[in-house]
1. How large is the dipole of the chain about the Cα centre if only Lys and Arg carry +1 and Asp and Glu carry -1, each at its Cβ, rounded to the nearest 20 debye?
2. In the P(r) worked out for segment 78-227, what percent of Cα pairs fall beyond 21 Å?
3. Alpha carbons only, please: Rg and Dmax for segment 15-131, in angstrom.
4. Below 19 Å Cα-Cα, how many Lys pairs turn up in the chain? Only count pairs eight or more apart in sequence, or on different chains, if you could.
5. Stokes-Einstein diffusion coefficient for the chain at 25 °C in a medium of 0.890 mPa s, Rh from the Kirkwood formula over Cα pairs: what value in µm²/s?
6. What is the Cα radius of gyration of segment 141-246 over 2.2 N^0.38 Å, N being its residue count?
7. When only C-alpha pairs under 8 Å and at least 6 residues apart count, what is the relative contact order of the chain, in percent?
8. Could you tell me which residue out of Gly220, His237, Ala92 lies farthest along the dipole of the chain toward its positive end? Charges go on the beta carbon: Lys and Arg +1, Asp and Glu -1, centred on the Cα centre.
Amino acid sequence: MDKPLTPAISNASPSVLVIEDDEEICILLEEYLIDNGFKVKCVHDGATGLKKATQGVWDFVLLDIMLPVMSGLNLLRRLRRTTNVPVILLTAMGEESDRIIGLNSGADDYIVKPFSPGELLARIQSIMRRSGLKYVAPQEIIEWNPMAFDCIHREMAIDGKKLSLTDQEFETIMFLVRNCGRIVSRDELSIALLGRPATYLDRATDIRISRLRSKIAPWGDCLRGVRGQGYEFVPPHKLPELQSQTSKPDPS
């Protein structure tokens, strides 16, 4: 029996406030962090973010610098008058002077866009350890016989044999698995994994999918490309049904 794709979130889950005006990035961060055991709230402007940050109880704040209404740095300076909640700045400004200003304003860390969700999670976990906050990863194994995905140790196995996947390859197939039942665009995959949309000539996602198909053979068709739309994960037990549909002769 296929296990549910969404882990249960306990009351002990760390709470994260995401203050980011790009709603697509917010959605992707929210999905990723919830999958990794966090409770998440997203807001999209500085004034609302400051209100939420000061009125709520948060274990962590992810803060964009370029925000409407109130900048992230002004928000951070005002936030530091009342709380020491850990804050990671998210920004496209990566110069050393920008990092120094952000850290001197009270940030605990600084991550430059584009970034991978995996790197962000590692930075969150590092700060939580230094702050004495407890993080318990969700105990989750997803199985689509003969495939098994260990989301704790970030491993994939077929028929019990562990595959040698890079971090980005694992994140790619897991993003598709978690979105099983719908087509994921190349832009969505690129934003989720690299923090930026795919460019016109960017073939990184297509190359990664091609390598994944080879590594999961003979189940490569589980990663299905849909021309002009993107990719989707087809569970192994549904492959015969899909292949029979695509092999039917044209009635015309």
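1. On the way: 31 positive and 34 negative charges, 94 e Å.
So the dipole magnitude of the chain works out to roughly 440 debye.
2. Details: 6259 of 11175 pairs.
Taking all Cα-Cα pairs of segment 78-227, the fraction more than 21 Å apart is 56 percent.
3. 12.7, 34
4. Pairs that pass both the separation and distance tests number 9.
5. 124
6. Working it through for segment 141-246, the quotient is 1.03.
7. 15
8. Ala92
No lab work stands behind these numbers, since they all come straight from the coordinates. No experiment lies behind these values; they were computed from the predicted model shown. As a convention, Cβ positions derive from the backbone with ideal geometry for all residues, glycine included, and neighbour counts pool all protein chains shown.
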